[in-house]
Amino acid sequence: MGLAARRFAYLKRRAKMSRIIKWGVIGSGGIARRRTIPEGILPSRNSELRVVFDINADANQSAAQEFNATAAGSLDELLKSDIDAVYIASPANAHFEHAQQCAQAGKHVLCEKPLGLNVEEAEAMIQACQNHNVLLGAALMMRFHSQHQAALSLIQQGKLGKPVFGRAQLSCWYPPIEGAWRQDPAEGGGGSLIDMGGHCIDLLEMFFGPVKKVSCFIHNTIHSYSSEDSAAALLFFENGAMASVDAFFCIPDASSKNMLELYGSQGSILAKGTIGQDQAGEMIAYLEDDADYDALQKRSNGEGLVINPPPVNTYKAEVEEFADAVLEGREPSNNAQLGLRSQKILTACYESALSGCIENV
């Protein structure tokens with residue numbers, strides 16, 4: 001029996017002990033408190049929250065009381081508790097160390113993106129979890145959006161034809177805030193590109209396949225903090241398709257419609273508001289079996305196919321998928337390789353912004 005087979009056999013034996021995954025959370029403020037705990041862990045069919053830890057003791061105690069969990073006084077206390085998995089929602093510069101400690105304690109890890117600050121840290125996180133026979137997942141929850149999955153199904157069925165071009169937009173207004181780790185590249189790895197553009201790039205790879213090379217610009221257009229508040233990237237895929245990503249911290253929230261546009265030789269899939277933290281938006285497909293040449297380039301007024309499947313809470317879906325993987329002794333679909341892939345593309349984007357050249361991934 002090979003190493004991988006022995007590893008999953010071990011995980012399956014552990015999974016038989018319980019059909020519920022007991023969770024701990026590192027970084028109980030921020031996205032964990034706003035979204036992942038109340039929308040993801042608590043309502044999940046296969047999960048329960050046990051322990052939370054945050055370096056802000058007051059905030060941690062408040063979160064523990066709100067969600068009926070134990071407030072750990074230290075990371076060591078959390079890791080010594082009777083939990084199966086840990087959701088890491090600490091600042092990005094702590095992901096590497098926290099994942100290593102969780103792995104050594106035998107706890108499975110679902111880590112917020114990015115996986116560490118760079119490719120080397122992501123690879124080391126993956127190796128540590130493999131060495132200690134625990135799973136590592138990347139919290140790229142937008143993959144679970146029901147409209148994104150419906151679009152993916154159309155593309156996989158060939159309804160869009162050969163992929164040609166995509167666009168993914170995720171921007172917001174994020175003014176200078178004292179202590180905000182996303183505004184310091186030493187703590188967050190970068191600014192709008194890694195924080196918001198990372199989700200966009202991951203979605204475009206889900207739809208169009210591997211990115212081959214990139215060209216990117218970053219800038220501080222409005223805000224003066226250390227991380228970039230503006231980023232625009234052009235992606236070239238292995239299948240010949242191209243795409244653009246625009247991610248800004250300096251566009252008012254209501255003015256950014258978080259557009260997703262997917263074009264192919266047989267039509268398009270156009271969406272507004274599906275990229276983000278909410279579970280529904282607007283998506284319409286304009287599909288043609290045979291596109292004929294028209295010298296007048298007349299545009300049809302057809303309404304297209306409205307893509308409106310039942311909404312899915314993406315935080316609940318990512319938690320349940322990861323917990324199912326632990327219980328079944330298999331790799332989750334939101335696996336660490338996605339996080340590593342994201343780091344590789346983001347690294348190429350930042351290198352391109354610095355060099356002014358096209359960079360290979």
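Computed from the coordinates by the stated procedures, all read-outs in this text should not be read as laboratory data. What you are looking at is a predicted structure, and each value in this text was computed from that prediction instead of being measured. Cβ placement follows ideal geometry from the backbone for every residue including glycine, while neighbour counts extend to all protein chains displayed.
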A chain fully extended from Val306 to Lys272 at 0.36 nm per residue, minus the present Cα-Cα distance, gains in nm 11.0 nm
Give the aspartates and glutamates reachable from Lys316 as a straight Cα distance under 16 Å; neighbours fewer than 8 places away on the same chain don't count. Glu39, Glu48, Glu112, Asp278, Asp324
Share (percent) of C-alpha pair distances in region 40-179 greater than 28 Å works out to 34
Size of electric dipole in the chain: Cβ of Lys, Arg +1 and of Asp, Glu -1, about Cα centre, debye, nearest 20: 1080
What does the convex hull of the Cα atoms of the chain come to per residue, in Å³, rounded to a whole number? 152
Going from the alpha-carbon gyration tensor of region 97-224, what semi-axes, largest first and in whole Å, does one get by taking the root of 5 times each eigenvalue? 27, 24, 13
Select from Ser215, Ser171, Ser74 the residue whose mean-square fluctuation is largest in a Gaussian network model of the chain (Cα-Cα springs shorter than 10 Å). Ser74
In a GNM of the chain with a 10 Å cut-off on Cα contacts, which of Glu77, Glu228, Glu178 has the highest mean-square fluctuation? Glu178
Using the Cβ atoms and a cut-off under 13 Å, what net charge is assigned to the surroundings of Arg143, where Lys and Arg are +1 and Asp and Glu are -1? -2
Provide the three semi-axes, in whole Å and in decreasing order, of the ellipsoid equivalent to region 150-287 as defined by the square roots of 5 times the Cα gyration tensor eigenvalues. 29, 16, 11
Most mobile of Arg45, Arg182, Arg167 per a Gaussian network model of the chain (Cα springs, under 10 Å)? Arg45
Restraint check, Lys113/Lys344; Lys213/Lys257; Lys162/Lys257, Cα-Cα greater than 23 Å: Lys213/Lys257; Lys162/Lys257
